[in-house]
Amino acid sequence: MAFTNEQLERYSRHIILKEVGVKGQKKLMEAKVLIIGAGGLGAPAALYLAAAGVGTIGIADADDVDLSNLQRQVIHSTPDIGKPKVESAKESMLAINPDVNVITYKEFITSKNIAEIIKDYDFVLDGTDNFPAKFLINDACVMGEKPFCHAGIIRFKGQLMTWVPGENAPCYRCVFKEPPPKDAVPTCKQAGVIGAMAGVIGCLQALEAVKYITGAGELLTGSLLTYDALTNDFRKIKISKNTNCGVCSDNPAITELIDYEQAECDFKS
Amino acid sequence: MTVIVAGKKKEYEEGLTVKQLIEKENVENPLYVTVTLNDEFVQSANLETTVLKDGDEVEFLYFMGGGR
């Protein structure tokens, strides 16, 4: 693939980086990244990945844009209220970079559809807002040997970690065995989240995807990066594989995908 | 003895268990926190019987369910 003059100019700040260069930019343009959830985390991730020229970006979300989303979901604008989130996200991405191919999935991921949706992608970003989805993404990616980046945010805190097959690194289920019971741990809807937190963590997820694709630097495999905005503490906590993990251990107890029950009051966010 | 909790040095009396540390540190949702001791997970069944030693490093990992 030869670059056009316009592409050379558009991506010049990437190409000049020794960790990216022409080679890395070419890899980005040939890459396929899936973002599950077109909300707080998905919004900045999708915008930066589109701007970066990631060739194919899949985006999955069943919801429509709601007024309460706009405090943090910067990919959607006030005139988008009522529009499917994936459509609004697609328009914003193409406005930034018409070169990218955006594939939309206006559906919630379930044990029935997730394997089929993730299979064509190189890297998956978890931008969902509930534990059943986060465990489902983890399990499907581990079983499908699909690299992915998990993230979670609440109040003034956020965290993320990356899993890549064959690296002997822990998966999300190594750290958190199973979803907490309904309402045992508050959701953003119940507890709130500062808008820019979604921006910080979503951008870090986009960076994990870019680093995975280009091979630049180190990924957050084997560590959980946590950020507390109130104390300004970024901490990289070492985590190791759980030899009894239900899904990624040698003899996993879980061999089929599970649809955990979701707190109904939080389904619409 | 000194225990390093989430990167900060804390002084605690000898014989403290991980379960007691969770209480003393006022961990939010203590039933649903994951604990690592010197980079290894402490199984929830062992929280009460795991006694901390001088210089131990403990991390609390919390569920964060938000994102959309």
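The values are calculated or read from the model by the stated rules, or taken from the named source; none is laboratory data. Here the structure is a predicted model, which is why all the values come from computation and not from measurement. In this analysis, Cβ positions are derived from the backbone assuming ideal geometry, glycine residues included, and neighbour counts consider all displayed protein chains.
Within the range A:35-74, restricting attention to residues that are surrounded by fewer than 24 Cβ atoms within 10 Å (Cβ to Cβ) and of a type in the set (A, V, I, L, M), which residue is farthest from the other protein chains (Cβ to nearest Cβ)?
Among those that are surrounded by fewer than 24 Cβ atoms within 10 Å (Cβ to Cβ) and of a type in the set (A, V, I, L, M), it is A:Ala51.
Can you tell me how many residues in the range A:113-123 are free of Cβ contacts under 8 Å to residues at least 12 places away in the same chain and of a type outside the set (S, T, N, Q)?
Residues flagged as free of Cβ contacts under 8 Å to residues at least 12 places away in the same chain and of a type outside the set (S, T, N, Q) within the range A:113-123 amount to 1.
Look through the range A:172-189, keep the residues that are of a type outside the set (D, E, K, R), farther than 21 Å from A:Tyr227 by Cβ and more than 8 Å from chain B (Cβ to nearest Cβ), and return whichever of them is surrounded by the fewest Cβ atoms within 10 Å (Cβ to Cβ).
It comes out as A:Pro181.
Could you list, in sequence order, the residues of the range A:92-109 that are in contact with a helix residue (DSSP H, G or I) (Cβ under 8 Å, 6 or more places away or on another chain) and more than 14 Å from chain B (Cβ to nearest Cβ)?
Within the range A:92-109, A:Ser92, A:Met93, A:Leu94, A:Ile96, A:Asn97, A:Asp99, A:Val100, A:Val102, A:Thr104, A:Tyr105, A:Lys106 qualify.
Quick check: anything in the range A:106-114 in contact with a Pro (Cβ under 7 Å, 6 or more places away or on another chain) and not in a strand (DSSP E or B)?
yes
Could you check the range B:27-41 and list, in sequence order, the residues that are more than 15 Å from A:Pro170 (Cβ to Cβ) and either at pLDDT 95 or above or not in a loop (DSSP other than H, G, I, E, B) (or both)?
Listed by number, the residues that qualify are B:Val27, B:Pro30, B:Leu31, B:Tyr32, B:Val33, B:Leu37, B:Asn38.
Given the condition surrounded by 18 or more Cβ atoms within 10 Å (Cβ to Cβ), under 29 Å from A:Ile201 (Cα atoms) and facing chain A (nearest Cβ under 9 Å), answer yes or no: does some residue in the range B:53-60 qualify?
Within the range B:53-60, one or more residues are surrounded by 18 or more Cβ atoms within 10 Å (Cβ to Cβ), under 29 Å from A:Ile201 (Cα atoms) and facing chain A (nearest Cβ under 9 Å).
Would you mind telling me which numbered condition in (1) under 15 Å from A:Leu160 (Cα atoms); (2) surrounded by fewer than 22 Cβ atoms within 10 Å (Cβ to Cβ); (3) in contact (Cβ under 8 Å) with a residue 24 or more places away in the chain; (4) not basic (Lys, Arg) A:Glu218 fails?
Only one criterion in (1) under 15 Å from A:Leu160 (Cα atoms); (2) surrounded by fewer than 22 Cβ atoms within 10 Å (Cβ to Cβ); (3) in contact (Cβ under 8 Å) with a residue 24 or more places away in the chain; (4) not basic (Lys, Arg) is unmet by A:Glu218, namely (3).
For A:Arg155, work out the one condition from (1) over 17 Å from the mean Cα position of the chain (by Cα); (2) farther than 22 Å from A:Lys236 by Cβ; (3) within 14 Å of chain B (Cβ to nearest Cβ) it doesn't fulfil.
For A:Arg155, the exception is condition (2).
Give the residues of the range A:122-137 that are more than 14 Å from chain B (Cβ to nearest Cβ) and either touching a Ser or Thr at 6+ places or on another chain (Cβ under 8 Å) or in a strand (DSSP E or B) (or both), sorted by residue number.
The one that is more than 14 Å from chain B (Cβ to nearest Cβ) and either touching a Ser or Thr at 6+ places or on another chain (Cβ under 8 Å) or in a strand (DSSP E or B) (or both): A:Phe123.
Output yes when any residue across the range B:16-24 is more than 8 Å from chain A (Cβ to nearest Cβ), part of a strand (DSSP E or B) and within 25 Å of A:Ile137 (Cα to Cα), and no when none is.
no
Taking the condition out of contact with any His (no Cβ under 8 Å at 6 or more places or on another chain), basic (Lys, Arg) and over 16 Å from A:Ile258 (Cα atoms), does A:Lys119 pass?
Yes.
Can you give me the number of residues within the range A:54-105 that are in contact with a Lys or Arg (Cβ under 6 Å, 6 or more places away or on another chain), touching a residue at least 24 places away in the same chain (Cβ under 8 Å) and part of a strand (DSSP E or B)?
3
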